[in-house]
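Worksheet: one structure, shown below.
The values are calculated or read from the model by the stated rules, or taken from the named source; none is laboratory data. Keep in mind that what you see is a predicted model, and the values were worked out from it rather than measured. Glycine also receives a Cβ, built like all others from the backbone with ideal geometry; neighbour counts cover every protein chain displayed. Areas reflect the complete protein model, heavy atoms only, side chains present, ligands, DNA and RNA absent. Shrake-Rupley method; radii C 1.70, N 1.55, O 1.52, S 1.80 Å.
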Amino acid sequence: MHAADLKQEAHKLIDQLPDNATWEDLIYEAYIRQSVQEGIEAADRDEFASAEEVQRRFAKWNVLIEG
């Protein structure tokens, strides 16, 4: 992303925050947005977790996945 695009996206993000938003809210929203963008880019490159990897990760939280 170019610097001008980043600035424009940052302005949009700030404009969407409520008037009582904190720095922590801004940082959290920016982090989530970046994480989603990275996930979309990974999916575009066909870089997915295997079913076994997903099951292993969920098992850490005692969540069983059927099928």
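Summary table below
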| read-out | value |
| --- | --- |
| Rounded to 10°, Cα long-axis angle of helix 3-16 versus longest principal axis of the chain | 90 degrees |
| Ellipsoid semi-axes in whole angstrom, largest first, where each is sqrt(5λ) of the Cα gyration tensor of the chain | 32, 18, 7 |
| Spin-label pair residue 62/residue 23, simplified geometry with 7 Å Cα→Cβ offset, distance in nm | 3.8 nm |
| Which of 13, 64, 6 is most accessible, then next, and so on - probe 1.4 Å | 64, 6, 13 |
| Under the Karplus curve 6.51 cos²θ - 1.76 cosθ + 1.60, θ = phi - 60°, whole-Hz ³J(HN,Hα) for segment 34-48, x wherever Gly or Pro sits | 5, 4, 5, 4, 5, x, 4, 5, 5, 5, 4, 8, 6, 9, 10 |
| Within the chain, longest stretch free of exposed GluC sites (Glu not before Pro) [DSSP loop, at most 10 other beta carbons within 10 Å] | 1-46 |
| Rounded to the nearest 10 Å², the accessible area of residue 50 at probe 1.4 Å | 60 Å² |
| Sequence of 2, 11 when ordered by accessible area, the most exposed leading, probe 1.4 angstrom | 2, 11 |
| Accessible surface of residue 46 - all protein chains present, 1.4 Å probe, nearest 10 Å² | 120 Å² |
